[in-house]
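Reviewing the structure listed below.
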Amino acid sequence: MEEHARDAKTGLLYHGYDESLQQGWADPQMGTSPSFWGCAVGWFFMALVDILDFSLKTRHAQRDDLVSILQLLAVAVAKVQDLATCVWWEVLDIQGRRQGNYLESSASCMLVYSLAKGVKRGYLSKRTYKDVYTRGFQGIQTQFVHACSDGGVDLISTVSVGGMCGSP
């Protein structure tokens, strides 16, 4: 994904990539999907920060490359954090308030987790990212954590759709 799906302008990763350039959603030149979905970036970001725990133990030859990818993605993710709510939109790029797009809880949780763990493990700058994930965590509590009448809590506004299903 890093090699084929990173957008040079935003630093974000596209939702999908089709090497064959045959899928209806794929850009005919690049093979990338048209959007940067928060959940897709979140899953990639979490996997990346988690796999570094294993590469540290095994001293994997490409560990430094993985840290660099993590750092590039952190820059991109921080830039698209919604300034008013401190969480993230389901479609991350400039489409923030576009009809159908919405502030999304699971992507926001994944991005906060990845940033916080990256800082805790020393892969990301505490000075640069602590405020980003702290504001994000506070935003999650404000925007998405809903107290239930039974004393429990619900996480609201989780992803409603994010698949590609072969359609444009």
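The values are calculated or read from the model by the stated rules, or taken from the named source; none is laboratory data. What you see is a predicted model, and the numbers here were worked out from it, not measured in a lab. With ideal geometry, Cβ positions are generated from the backbone for all residues, glycine too; neighbour counts draw on all protein chains shown.
Could you check, for segment 108-119, whether at least one of its residues is on the phi < 0 side of the Ramachandran plot and over 17 Å from the mean Cα position of the chain (by Cα)?
Among the residues of segment 108-119, not one is on the phi < 0 side of the Ramachandran plot and over 17 Å from the mean Cα position of the chain (by Cα), which makes the answer no.
Just checking, which of 131, 64, 50, 93 is more than 19 Å from residue 2 (Cβ to Cβ) and not polar (S, T, N, Q)?
131
What single numbered condition from (1) over 13 Å from the mean Cα position of the chain (by Cα); (2) basic (Lys, Arg); (3) modelled with pLDDT of 95 or more fails to hold for residue 79?
So residue 79 meets the others, but not (1).
Return the total of residues in segment 106-133 being more than 15 Å from residue 80 (Cα to Cα) and without any contact (Cβ under 8 Å) to a residue 60 or more places away in the chain.
Qualifying residue count, segment 106-133: 9.
If we keep just the residues of segment 119-164 that are farther than 27 Å from residue 53 by Cβ, among the aliphatic types (A, V, I, L, M) and in contact with a helix residue (DSSP H, G or I) (Cβ under 9 Å, 6 or more places away or on another chain), which is surrounded by the fewest Cβ atoms within 10 Å (Cβ to Cβ)?
Looking at residues that are farther than 27 Å from residue 53 by Cβ, among the aliphatic types (A, V, I, L, M) and in contact with a helix residue (DSSP H, G or I) (Cβ under 9 Å, 6 or more places away or on another chain), I get 156.
Pull up segment 38-76, narrow it to residues that are basic (Lys, Arg) and exposed (fewer than 15 other Cβ atoms within 10 Å of the Cβ), then point me to the one that is modelled with the lowest pLDDT.
Taking the candidates together, the pick is 57.
Quick one: in segment 11-41, of everything that is part of a loop (DSSP other than H, G, I, E, B) and hydroxyl-bearing (Ser, Thr, Tyr), which residue is farthest from residue 115 (Cα to Cα)?
Among those that are part of a loop (DSSP other than H, G, I, E, B) and hydroxyl-bearing (Ser, Thr, Tyr), it is 20.
Only one of 19, 90 is among the charged types (D, E, K, R) and surrounded by fewer than 16 Cβ atoms within 10 Å (Cβ to Cβ). Can you tell me which?
Selected residue: 19, the only one of 19, 90 that is among the charged types (D, E, K, R) and surrounded by fewer than 16 Cβ atoms within 10 Å (Cβ to Cβ).
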